[in-house]
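Visitor: One structure coming up, written as structure tokens, with questions to follow.
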Amino acid sequence: MASTDTKLRLAHTLRAMMATTALDHITISALTKQAGVTRNTFYYHFEDIYSLLAWVYEQEIIVQMAKYAQITEWQKALRMLLDYIEENREFCVASFHSVGRDLLEQLLATVADALVRGVVNDADASLPKPLTDDICNFYGLAIVAQIIQWLMHGLAEPKTAIVHRCDIMLTGAVQNAIHNAAI
């Protein structure tokens, strides 16, 4: 079995198990048995359950978002991320309510940083890297906080409201931060 096929099989099995079992209670023995692979095979590819979860999110979000890196409107990219979370509601909420929450938050921070970085580069591509990083960190984490709040409330709020709120807070704010840094 090819390496990617094995990883995909393990990922699919993890997703299926998380539909009925909390991530914290899924063992490698149970996962490998259900996936039809050996423990050694699992450990050949992944360090633990959480590295498998991180790989799933990387493949399903980061790799997919990278395909759309040419999207010039960060709002579209944010909507894509929110669509993914909504379409994979059980999986994302299960991750959010587990010790794997850190992985989900790190992934969201990576994606949000990329969204804001596009806005910053559009505003002034010649900014010093430390200032760019500070702006991306600040506003990226603000976006993450909005998504975490959405997850905490069971995705009850419409996605359009989240995008609208982020748009209100971000539009003009990056230019203002650049202006304030120059003072």
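The values are calculated or read from the model by the stated rules, or taken from the named source; none is laboratory data. Everything numeric here is computed off the predicted structure, so don't read it as measured data. Note that each Cβ is placed from the backbone with ideal geometry, even for glycine, and that neighbours are counted across all protein chains shown. These accessible areas exclude ligands, DNA and RNA; they are computed on the full protein's heavy atoms, side chains included. Shrake-Rupley method; radii C 1.70, N 1.55, O 1.52, S 1.80 Å.
Visitor: State whether region 54-123 is rounded, prolate or oblate according to the following rule on the C-alpha gyration tensor (a ≥ b ≥ c being the square roots of its eigenvalues): a/c under 1.5 gives rounded; otherwise a/b larger than b/c gives prolate, and the remaining case gives oblate. Don't skip to the end; give the middle numbers.
Guide: On the way: a/c = 2.21, a/b = 1.87, b/c = 1.18.
It comes out prolate by the Cα gyration axes.
Visitor: Starting from the Cα-Cα distance between Asn121 and Met169, subtract it from 0.36 nm times their residue separation and give me the gain in nm to one decimal.
Guide: Here the answer is 15.5 nm.
Visitor: Return one whole number: the accessible area per residue of region 1-147 in Å², for a 1.4 Å probe.
Guide: Values: 7780 Å² over 147 residues.
Accessible surface, normalised per residue, equals 53 Å².
Visitor: Heads up, I need the accessible area for Arg79: 1.4 angstrom probe, whole protein in place, Å², nearest 10.
Guide: So the heavy atoms of Arg79 present about 100 Å² to solvent.
Visitor: Could you compute the FRET efficiency for Tyr50 and Glu86, with r as their C-beta to C-beta distance and R0 at 30 Å, rounded to 0.05? Show your work: numbers first, answer last.
Guide: Values: r = 23 Å, r/R0 = 0.78.
Here the calculated transfer efficiency is 0.80.
Visitor: At 24 angstrom or more along the helix axis (alpha-carbon based) and mean Kyte-Doolittle of -1.0 or higher, what helices does the chain contain? Whole DSSP H runs only.
Guide: Span-like helices in the chain: 101-123, 129-152.
Visitor: Here is a follow-up. Once Rh for the chain is found with the Kirkwood sum over Cα pairs, what is the Stokes-Einstein diffusion coefficient at 10 °C and 1.306 mPa s, in µm²/s?
Guide: Working: Rh = 17.8 Å.
Value of D from the Cα-based Kirkwood radius: 89 µm²/s.
Visitor: Here's another thing I want to ask about it. Report the extension gain between Ala2 and Lys33 in nm, rounded to one decimal, defined as 0.36 nm multiplied by the number of residues separating them, less their alpha carbon distance. Each step should come with its number before you reach the end.
Guide: Numbers: separation 31, 0.36 × 31 = 11.16 nm, distance 1.83 nm.
Length difference between fully extended and current span is 9.3 nm.
Visitor: Mind ranking Leu141, Leu23 by accessible surface for me, highest first, 1.4 Å probe? Don't skip to the end; give the middle numbers.
Guide: Working: Leu141 90, Leu23 5 Å².
Result, largest first: Leu141, Leu23.
Visitor: Using a 1.4 angstrom probe on heavy atoms only, work out the carbon and sulfur share of the accessible area of the chain in %. If you can, show how the numbers build up before the last one.
Guide: Details: 5440 of 9930 Å².
Carbon-and-sulfur percentage of accessible area, whole number: 55.
Visitor: While we're looking at this one, here's another question. Which cross-chain or sequence-distant (5 or more) residues have an amide H under 5 Å from the amide H of Gly100, H modelled 1.01 Å from N in plane?
Guide: HN-HN under 5 Å from Gly100: empty list.
Visitor: Using Cα-Cα distances under 8 Å and only pairs 6 or more residues apart, what relative contact order does region 71-183 have, in percent? Provide the component values of the computation, followed by the final result.
Guide: Details: 64 pairs, mean separation 36.2, N = 113.
Relative contact order, region 71-183: 32 percent.
Visitor: Do you know the relative contact order of region 1-95, to the nearest whole percent, from alpha carbon pairs under 8 angstrom that are 6+ apart?
Guide: Values: 44 pairs, mean separation 31.5, N = 95.
Relative CO of region 1-95 lands at 33 percent.
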